[in-house]
């Protein structure tokens with residue numbers, strides 16, 4: 001057993017068995033095949049609902065651009081989902097786009113104003129970063145120009161756009177359902193699951209830093225236990 005696995009087991013003594021099982025179960029359903037970028041969402045209710053949908057639908061990573069608007073989720077709406085997501089924040093769009101490209105994502109801009117793919121037709125053969133824009137104006141020109149392709153939700157009424165939080169929920173729901181029915185290996189690796197298990201334990205164990213110090217002190221005084 002390596003040191004990280006031992007540390008997980010050590011902190012696990014302070015986590016209920018039900019919580020341990022729930023974390024393991026959730027991580028088996030998590031994916032990084034899809035990731036989400038939220039650009040300048042400014043209404044706390046919408047910001048919160050987007051995160052909640054990501055958690056419910058198994059998305060682990062959310063990239064948040066705070067160029068003009070600070071991202072302020074409402075805890076009453078998130079229902080604690082922020083605790084279980086990996087959030088990465090940026091001051092503008094360019095570094096967010098660069099990060100996603102460096103990780104091998106195909107950038108898909110969601111917009112109702114451009115003919116493109118729909119959730120039923122978007123190819124899923126490579127990792128996808130879904131780009132969502134601000135409530136009134138949508139994605140910035142910078143984000144649209146950087147995108148590899150576009151995606152729109154089909155609509156059949158007079159109104160030609162959904163609320164942003166509804167757009168995120170509908171898009172992810174339809175795409176994750178297709179992904180789970182496919183033969184694509186969309187799961188997190190064992191290493192990723194292990195790292196997130198440790199991260200989640202740290203988030204729920206009170207004063208975990210002091211406990212970890214105790215753990216590492218014990219490792220130094222009893223090195224034979226590491227073999």
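The values are calculated or read from the model by the stated rules, or taken from the named source; none is laboratory data. A quick note: this is a predicted structure, and the numbers were derived from the prediction, not measured. We place every Cβ from the backbone using ideal geometry, glycine too, and count neighbours over all the protein chains shown.
Among (1) surrounded by 16 or more Cβ atoms within 10 Å (Cβ to Cβ); (2) touching a helix residue (DSSP H, G or I) at 6+ places or on another chain (Cβ under 9 Å), where does residue 173 come up short?
(1)
Does residue 167 satisfy the criteria of being touching a residue at least 40 places away in the same chain (Cβ under 8 Å), closer than 16 Å to residue 32 by Cα and in a helix (DSSP H, G or I)?
On the way: touching a residue at least 40 places away in the same chain (Cβ under 8 Å): yes; closer than 16 Å to residue 32 by Cα: no; in a helix (DSSP H, G or I): yes.
No: the conditions fail for residue 167.
Would you say residue 123 is free of Cβ contacts under 8 Å to residues at least 12 places away in the same chain, in the same structural domain as residue 51 (by TED's automatic domain parsing) and part of a loop (DSSP other than H, G, I, E, B)?
Working: free of Cβ contacts under 8 Å to residues at least 12 places away in the same chain: yes; in the same structural domain as residue 51 (by TED's automatic domain parsing): yes; part of a loop (DSSP other than H, G, I, E, B): yes.
So residue 123 passes the test.
Conditions (1) at pLDDT 95 or above; (2) crowded, with 17+ Cβ neighbours inside 10 Å; (3) not assigned by TED's automatic domain parsing to the domain that holds residue 197, marked per residue:
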site	(1), (2), (3)
50	no, yes, yes
57	yes, yes, yes
71	no, yes, yes
88	no, no, yes
97	yes, yes, yes
105	yes, yes, yes
113	no, no, yes
128	yes, yes, yes
133	no, yes, yes
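Can you tell me which residues in region 200-227 are modelled with pLDDT of 85 or more, assigned to a helix (DSSP H, G or I) and surrounded by 12 or more Cβ atoms within 10 Å (Cβ to Cβ)?
Hits for region 200-227 are 200, 201, 202, 204, 208, 211, 212.
Return the only residue of 21, 29 being at pLDDT 95 or above and either touching a strand residue (DSSP E or B) at 6+ places or on another chain (Cβ under 9 Å) or surrounded by 21 or more Cβ atoms within 10 Å (Cβ to Cβ) (or both). Walk me through how you get there before you give the answer.
Working: 21 fails: either touching a strand residue (DSSP E or B) at 6+ places or on another chain (Cβ under 9 Å) or surrounded by 21 or more Cβ atoms within 10 Å (Cβ to Cβ) (or both).
Step by step, each of 21, 29 is checked, and only 29 is at pLDDT 95 or above and either touching a strand residue (DSSP E or B) at 6+ places or on another chain (Cβ under 9 Å) or surrounded by 21 or more Cβ atoms within 10 Å (Cβ to Cβ) (or both).
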